[in-house]
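Remarks on the structure that follows.
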Amino acid sequence: MKTKKKEISSKSLKVYKSMLIALLFFNFFDAISTYYFVIIKGVEELNPVMNFLLEVSPILFLIFKLIWCPIAVYVFWKSLPYSVVSKIATIGCFVPYCLLTIYYIIGWTFYAVYGII
C-alpha cells in the first residue's frame, strides 16, 4: 500500500521559499561582515569552525561560507513540499540568521556613525 505524501499549501510554500532566498542574502552579508570585522578590524570570531577557517585562510572561509549555504538552500528547496525536516531546518536557519543580520546592521551603523565596533 502506497502512502501519499502530503504537500503544503502554495501560500506556505511561497513563505518558505522566500525565507530560503533571504537566507542566501543573510549568508552573503554575514560572510562579508565577518570577513571585514575579523580580518580588517581584528574582532574575534566566536564560531570555532569559522574561526578555524579564518585562521587557515580568509579566502577558504569565504569560499566555504558562499558554497555551503546555497547547497543547503537547494536541498531544502527541492525537498520542501514534502519534508517536515526541511521546513524545521528552514525556520531554524532563518531566525538566527535574521537576528545576526540585525546585529550586523546595528554594528555597521555604530561603526559608520561613531567609528566604534
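Read-outs throughout are calculated quantities, based only on the coordinates presented, and are distinct from any laboratory measurement. In this text the structure is predicted, and so the values were computed from the model without any measurement. Glycine gets a Cβ as well: all are built from the backbone with ideal geometry, and neighbour counts include every protein chain shown.
Kindly count the pairs of lysines across the stretch 10-114 whose alpha carbons are less than 29 Å apart, treating pairs on different chains or eight or more residues apart as eligible.
Lysine pairs meeting the criterion: 12.
Could you state the principal axis extents of the C-alpha atoms in the stretch 10-114, from the largest down, to the nearest angstrom?
Largest first, the stretch 10-114 extends 44, 32, 16 Å along its Cα principal axes.
Can you put Ile102, Ile32 in order of Cβ neighbours within 10 angstrom, beginning with the fewest?
Values: Ile102 10, Ile32 14.
Lowest to highest Cβ neighbour count: Ile102, Ile32.
Quick one: what are the phi-derived ³J(HN,Hα) couplings along the stretch 78-89, Karplus 6.51/-1.76/1.60 with θ = phi - 60°, whole Hz, x for glycine and proline?
Karplus-based 3J(HN,Hα) across the stretch 78-89 equals 5, 9, 4, x, 10, 8, 5, 4, 5, 5, 5, 5 Hz.
Per DSSP helix of 4 or more residues, -39500 (n - 2.57); summed, then divided by the residues of the chain. What does that give at 222 nm, rounded to the nearest 500? Mind showing how you got there, number by number?
Details: 4 runs with 87 residues, N = 117.
So the helix-based figure for the chain works out to -26000 deg cm²/dmol.
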